[in-house]
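What follows is a set of notes on a single structure, which appears directly below.
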Amino acid sequence: MSSSFYDALETRSADERAADLARTLPLQIARAQSLKGYAASLGEVDAAAITDAAALASLPVLRKSELGKAQSANPPFGGFTAHPASGFAHVFQSPGPIYEPGGVDHDWWRFGRVLHAVGIGKGDIVQNCFGYHLTPAGMLFESGARAVGAAVLPAGTGQTELQVTAARDVGTTAYAGTPDYLKVILDKADSMGVTLGITKATVGGGALFPSLRAEYADRGIACLQSYGTADLGNIAYESAAIEGMIVDEHVIVEIVTPGTGTPVAPGEVGEVVVTTLNPDYPLIRFATGDLSAVMAGQSPCGRTNMRIKGWMGRADQTTKIKGMFIRPEQVATLVSRHDEIVRARVIASREGEMDAMTVRIEATGGDATAYARTVADVLKLKGAIEVVSPDSLPKDGLVIEDQRSYD
């Protein structure tokens with residue numbers, strides 16, 4: 001196996017990957033069924049029949065709001081873990097609050113794959129500028145560094161002058177942190193007359209703009225980004241090809257219409273829903289609230305798993321119109337009430353100084369008057385109804401579009 005790849009999983013054929021998933025996914029569904037948190041949603045599911053992403057689509061989506069409610073009723077993990085809090089190495093708290101477990105064995109969050117992709121390994125010293133307090137970002141990347149044999153300078157954020165001094169003194173060769181903070185460190189080093197030896201960077205938690213990546217490249221720093229969450233660990237990551245983000249080998253990613261669990265057509269934008277194969281914390285169809293889309297083909301780097309386009313916005317498009325909250329789930333209910341409706345989009349606008357609502361409905365026919373009644377019943381507001389032909393609405397993942405100017 002070439003050292004270009006983290007392990008043999010990254011270069012499996014489609015048939016090999018499907019066969020492996022057909023063995024492991026039913027076991028993960030069965031683990032979930034044994035947990036109190038899934039008693040209502042998965043209790044009657046035939047685990048043996050859930051062998052691929054298409055079968056997963058028949059299961060309900062788990063949203064973070066539901067996880068939070070379950071944790072409030074049954075702290076700290078809501079009955080969704082295989083062990084009590086004392087059975088994990090770490091317990092983290094994210095805003096909400098939401099509590100997440102963490103482990104130190106076998107690269108629990110699977111970030112070794114992320115660091116390996118940018119070339120970090122034995123002999124490197126990683127300046128880890130992700131936070132170490134309460135939230136798990138710092139530990140995600142430290143775990144990955146440990147998996148690839150790199151040393152870690154646990155720097156966190158702030159005290160930039162001390163960061164520069166430490167990077168010089170210990171010989172930092174790699175950076176982990178948000179995309180923009182590395183520039184802060186480099187600019188501070190320039191002002192101090194200090195030359196740093198950073199040549200590799202793995203970033204997340206914010207947008208890596210092409211101009212910033214180019215600036216790092218001009219300084220001799222290869223910078224790749226990853227996409228992960230506190231709950232799920234690594235979801236997808238860039239390789240040196242920089243053509244989309246390659247899905248991690250231990251999760252299943254689906255792209256669904258926001259507010260639903262219904263997969264979109266290949267290439268369309270939708271909400272990222274993830275099933276993790278982590279046996280300690282089996283999250284099944286966990287909705288991230290992020291938008292992305294599947295990219296066709298495979299990466300030129302030789303990794304064969306599915307690719308996504310990276311972060312493309314938030315799926316929770318909840319908008320207040322005339323004092324009423326309109327949520328993607330309500331738009332999904334509207335579509336489900338009429339068999340002939342393919343898709344719908346709620347558009348918020350202004351008429352003079354008043355809010356206005358238009359509902360564009362893709363349908364193969366039907367009665368606009370009946371649609372208007374359903375809109376009033378489901379959305380609790382009246383609005384203009386525009387019936388358009390199928391495939392008329394943009395395939396950009398939006399089900400609620402706010403056209404109002406707040407300037």
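Within segment 5-38, work out how many residues are open to solvent by 70 Å² or more (accessible area, probe 1.4 Å) and either part of a helix (DSSP H, G or I) or touching a residue at least 60 places away in the same chain (Cβ under 8 Å) (or both).
Step one: of segment 5-38, the residues open to solvent by 70 Å² or more (accessible area, probe 1.4 Å) are 6, 14-16, 23, 27, 31, 34, 36.
In the following step, the residues that additionally are either part of a helix (DSSP H, G or I) or touching a residue at least 60 places away in the same chain (Cβ under 8 Å) (or both) were identified as 6, 14-16, 23, 27, 31, 36.
Residues that pass the stated criteria total 8.
Can you tell me which residue in segment 277-289 is most open to solvent (accessible area, probe 1.4 Å), limited to those that are of a type outside the set (A, V, I, L, M, F, W, C) and touching a residue at least 60 places away in the same chain (Cβ under 8 Å)? Before the answer, list the steps.
We begin by selecting, within segment 277-289, every residue of a type outside the set (A, V, I, L, M, F, W, C); these are 278-282, 285, 288-289.
Narrowing the set further to residues that are touching a residue at least 60 places away in the same chain (Cβ under 8 Å) leaves 278-282, 285, 289.
On the way: 278: 20, 279: 57, 280: 30, 281: 3, 282: 1, 285: 2, 289: 8 Å².
The residue in question is 279.
When residue 159 is evaluated against the numbered criteria (1) open to solvent by 50 Å² or more (accessible area, probe 1.4 Å); (2) within 27 Å of residue 101 (Cα to Cα), which criterion, by number, is the only one it fails?
(2)
Quick grid of which residues meet (1) open to solvent by less than 50 Å² (accessible area, probe 1.4 Å); (2) within 30 Å of residue 106 (Cβ to Cβ); (3) touching a Ser or Thr at 6+ places or on another chain (Cβ under 6 Å); (4) part of a helix (DSSP H, G or I):
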{"residue": "141", "(1), (2), (3), (4)": "yes, yes, no, yes"}
{"residue": "165", "(1), (2), (3), (4)": "yes, no, no, yes"}
{"residue": "183", "(1), (2), (3), (4)": "no, no, no, yes"}
{"residue": "189", "(1), (2), (3), (4)": "yes, no, no, yes"}
{"residue": "196", "(1), (2), (3), (4)": "yes, no, no, no"}
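Given the conditions (1) out of contact with any Leu (no Cβ under 6 Å at 6 or more places or on another chain); (2) open to solvent by less than 10 Å² (accessible area, probe 1.4 Å); (3) more than 26 Å from residue 24 (Cα to Cα), report the number of the one that residue 293 does not fulfil.
Unmet for residue 293, out of (1) out of contact with any Leu (no Cβ under 6 Å at 6 or more places or on another chain); (2) open to solvent by less than 10 Å² (accessible area, probe 1.4 Å); (3) more than 26 Å from residue 24 (Cα to Cα): (3).
State which residue is farthest from residue 249 (Cα to Cα) when the search covers only segment 58-80 and only residues that are of a type in the set (A, V, I, L, M) and either at pLDDT below 95 or part of a helix (DSSP H, G or I) (or both).
Step one: list which residues in segment 58-80 are of a type in the set (A, V, I, L, M), which gives 59, 61-62, 67, 70, 73.
The next check asks that each one be either at pLDDT below 95 or part of a helix (DSSP H, G or I) (or both); those that pass are 67, 70, 73.
Values: 67: 24, 70: 28, 73: 33 Å.
The selected residue is 73.
Can you tell me which residue among 92, 80 is crowded, with 19+ Cβ neighbours inside 10 Å and in contact with a strand residue (DSSP E or B) (Cβ under 8 Å, 6 or more places away or on another chain)?
92
For residues in segment 167-181 being out of contact with any Gly (no Cβ under 7 Å at 6 or more places or on another chain) and farther than 16 Å from residue 123 by Cα, which is most open to solvent (accessible area, probe 1.4 Å)?
Result: 181.
Checking the structure you have, find out if any residue of segment 120-132 is under 27 Å from residue 285 (Cα atoms), in contact (Cβ under 8 Å) with a residue 24 or more places away in the chain, open to solvent by less than 20 Å² (accessible area, probe 1.4 Å) and acidic (Asp, Glu).
No.
Please state which of the following conditions residue 283 fails to meet, knowing it meets all the rest: (1) more than 14 Å from the chain's Cα centre (by Cα); (2) outside any strand (DSSP E or B); (3) of a type in the set (A, V, I, L, M).
Looking at each condition in turn, residue 283 falls short on (1).
Within segment 29-65, take every residue that is over 24 Å from the mean Cα position of the chain (by Cα) and among the charged types (D, E, K, R) and give me the one that is nearest to residue 14 (Cα to Cα).
Only one residue fits best here, namely 46.
Consider residue 148 against the criteria (1) of a type in the set (A, V, I, L, M); (2) under 21 Å from residue 163 (Cα atoms); (3) touching a His at 6+ places or on another chain (Cβ under 7 Å): it satisfies all of them except one. Which criterion is unmet?
(2)
Which of the strands (runs of 3 or more DSSP E) contained wholly in segment 81-129 include at least 3 residues that are under 28 Å from residue 39 (Cα atoms)?
90-94, 98-102
The values are calculated or read from the model by the stated rules, or taken from the named source; none is laboratory data. What you are looking at is a predicted structure, and each value in this text was computed from that prediction instead of being measured. Reconstructed Cβ throughout: ideal geometry from the backbone, glycine too, with neighbour counts over all protein chains shown. The accessibility values were calculated without ligands, DNA or RNA, using every heavy atom of the protein model including side chains. Shrake-Rupley method; radii C 1.70, N 1.55, O 1.52, S 1.80 Å.
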